[in-house]
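The block underneath contains the structure these notes are about, expressed in structure tokens.
The values are calculated or read from the model by the stated rules, or taken from the named source; none is laboratory data. A quick note: this is a predicted structure, and the numbers were derived from the prediction, not measured. Using ideal geometry, Cβ is built from the backbone for each residue, glycine included, and neighbour counts are taken over all protein chains shown.
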Amino acid sequence: MRSVRGAQLRYPALAAVTVGATLTLIAIGAIVRTTGSGLGCPDWPLCHGRWLPPLERTAIIEYSHRTAASVVGLLVLATAWATLRRRDGDRALRGLALASLPLLAFQAWLGKVTVERELPPEVVTLHLATALVLLAVLTAHAALTLLRPQRVRAARERRALLRVTVAGALVTYLVLLSGAYVVGGGATTACVGWPDCPQALRPFLDGAREQHIHWLHRLAVVAGGAAVAWVGHRWFHLPGATPLERRAALALVGLYALQVLIGAANIWTTFAEWPRVAHLALGSALWALLVLMAVMARYAPQPILESAPREARANARA
């Protein structure tokens with residue numbers, strides 16, 4: 001009995017560790033990008049023709065990213081294997097596990113292409129886009145492992161909440177990608193003021209291509225802020241919202257506000273490394289939280305419904 005219980009605990013723990021490792025990998029990728037180490041290893045999978053990098057700062061930073069990517073890859077494979085060998089027939093978990101495998105392979109291939117083509121902005125942005133989709137799949141998978149097998153789809157009243165949350169997540173996703181394109185397109189330092197841009201006071205009318213890219217990201221941040229505020233408002237004022245749900249709403253809005261401040265800190269600190277790394281790391285965590293809230297809007301754990309009417313308990317199992 002104890003061994004069965006231990007196995008039940010190890011499975012969600014593995015899924016959670018995989019999510020944490022993926023977030024760490026994205027943060028390390030931000031370090032690679034902000035330190036200009038993307039070509040620290042100009043070949044792939046070797047580094048300067050060797051399995052171990054030379055004792056150079058950029059090579060070591062880039063190689064650490066590759067090492068972390070290998071660890072994440074093994075964790076994703078282990079999580080998928082642990083899911084597929086389970087006998088409970090959970091189709092949602094199996095589907096997410098299977099989806100993670102081609103995403104992992106595609107992400108590894110993009111890493112190779114990014115190095116071989118010497119960091120083109122479109123490929124760099126696609127690399128982050130795929131990483132965020134993989135993070136979303138792993139986050140949803142980890143969230144479902146924490147719910148009891150008897151989880152049910154949430155009440156019909158929550159369908160609107162699910163749509164609002166998904167819409168907020170998609171807007172946030174586009175905000176993150178626009179930020180990646182700012183970096184990949186060499187527009188990071190195009191504006192040296194905040195919230196204004198002295199180099200282009202009128203968006204898309206003044207300045208050059210770099211200022212246009214920078215302004216596009218800033219306006220996307222405004223749209224993202226409105227979307228996140230709406231999601232947080234709907235969750236916080238949800239009839240019958242649990243304390244956990246209200247805390248998630250407050251955390252969401254608070255994280256976005258902090259993300260905006262860190263974005264401004266990039267300019268206030270003359271683009272120091274720490275706010276640039278923190279900007280992407282926190283943005284990825286914000287994205288993961290929105291995915292988690294979308295799962296919370298779609299499913300409910302069995303304990304919440306144990307005292308509900310029989311009709312509510314009869315909802316379709318995921």
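Couple of notes before you dig in:
- When the residues of the range 45-63 are filtered to those that are part of a helix (DSSP H, G or I) and not aliphatic (A, V, I, L, M), the one that is farthest from Ala105 (Cα to Cα) is Arg57.
For (1) under 28 Å from Leu292 (Cβ atoms); (2) among the basic types (Lys, Arg), each residue gets a yes or a no:
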{"site": "Leu39", "(1), (2)": "no, no"}
{"site": "Ala68", "(1), (2)": "yes, no"}
{"site": "Leu77", "(1), (2)": "yes, no"}
{"site": "Ala80", "(1), (2)": "yes, no"}
{"site": "Arg91", "(1), (2)": "yes, yes"}
{"site": "Arg94", "(1), (2)": "yes, yes"}
{"site": "Pro102", "(1), (2)": "yes, no"}
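- Any hit, the range 246-257, residues being in contact (Cβ under 8 Å) with a residue 12 or more places away in the chain and touching a Pro at 6+ places or on another chain (Cβ under 6 Å): no
- Identity of the residue in the range 25-50, more than 20 Å from the chain's Cα centre (by Cα) and aliphatic (A, V, I, L, M), that ends up farthest from Pro275 (Cα to Cα): Leu46
- Checked against (1) at pLDDT below 95; (2) surrounded by fewer than 22 Cβ atoms within 10 Å (Cβ to Cβ), Arg276 passes all but condition (2).
- Note on the range 194-234: among residues that are part of a loop (DSSP other than H, G, I, E, B) and either in contact (Cβ under 8 Å) with a residue 40 or more places away in the chain or of a type in the set (S, T, N, Q) (or both), the one that is farthest from Tyr256 (Cα to Cα) is Gln199.
- Of Arg66, Arg33, Arg86, all but one fail to be part of a helix (DSSP H, G or I), modelled with pLDDT under 90 and out of contact with any strand residue (DSSP E or B) (no Cβ under 6 Å at 6 or more places or on another chain); the exception is Arg33.
- Filtered residue count, the range 195-219, keeping only those that are exposed (fewer than 15 other Cβ atoms within 10 Å of the Cβ), of a type in the set (A, V, I, L, M) and within 26 Å of the chain's Cα centre (by Cα): 1
Quick grid of which residues meet (1) of a type in the set (Val, Ile, Thr); (2) assigned by TED's automatic domain parsing to the domain that holds Pro12:
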{"position": "Thr83", "(1), (2)": "yes, yes"}
{"position": "Ala108", "(1), (2)": "no, yes"}
{"position": "Gly111", "(1), (2)": "no, yes"}
{"position": "Glu122", "(1), (2)": "no, yes"}
{"position": "Thr125", "(1), (2)": "yes, yes"}
{"position": "Val164", "(1), (2)": "yes, no"}
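- Boolean, Arg151 is crowded, with 19+ Cβ neighbours inside 10 Å, touching a strand residue (DSSP E or B) at 6+ places or on another chain (Cβ under 9 Å) and either among the basic types (Lys, Arg) or in the same structural domain as Val231 (by TED's automatic domain parsing) (or both): yes
- For the range 61-120, a residue qualifies if it is hydroxyl-bearing (Ser, Thr, Tyr), closer than 28 Å to Gly36 by Cα and surrounded by 18 or more Cβ atoms within 10 Å (Cβ to Cβ), and the qualifying residues are Tyr63, Thr114.
- Checked against the criteria, Ala187 does not count as small (Gly, Ala, Ser), free of Cβ contacts under 8 Å to residues at least 60 places away in the same chain and not in a loop (DSSP other than H, G, I, E, B).
- Residue check: Leu138 meets all listed conditions (1) assigned by TED's automatic domain parsing to the domain that holds Gly40; (2) exposed (fewer than 15 other Cβ atoms within 10 Å of the Cβ) but one, namely (2).
- Matching option when the condition is free of Cβ contacts under 8 Å to residues at least 40 places away in the same chain and assigned to a helix (DSSP H, G or I), among Ala105, Ala97: Ala105
- A single member of Val222, Val228, Val192 is more than 29 Å from Ser37 (Cβ to Cβ) and surrounded by fewer than 17 Cβ atoms within 10 Å (Cβ to Cβ), and it is Val222.
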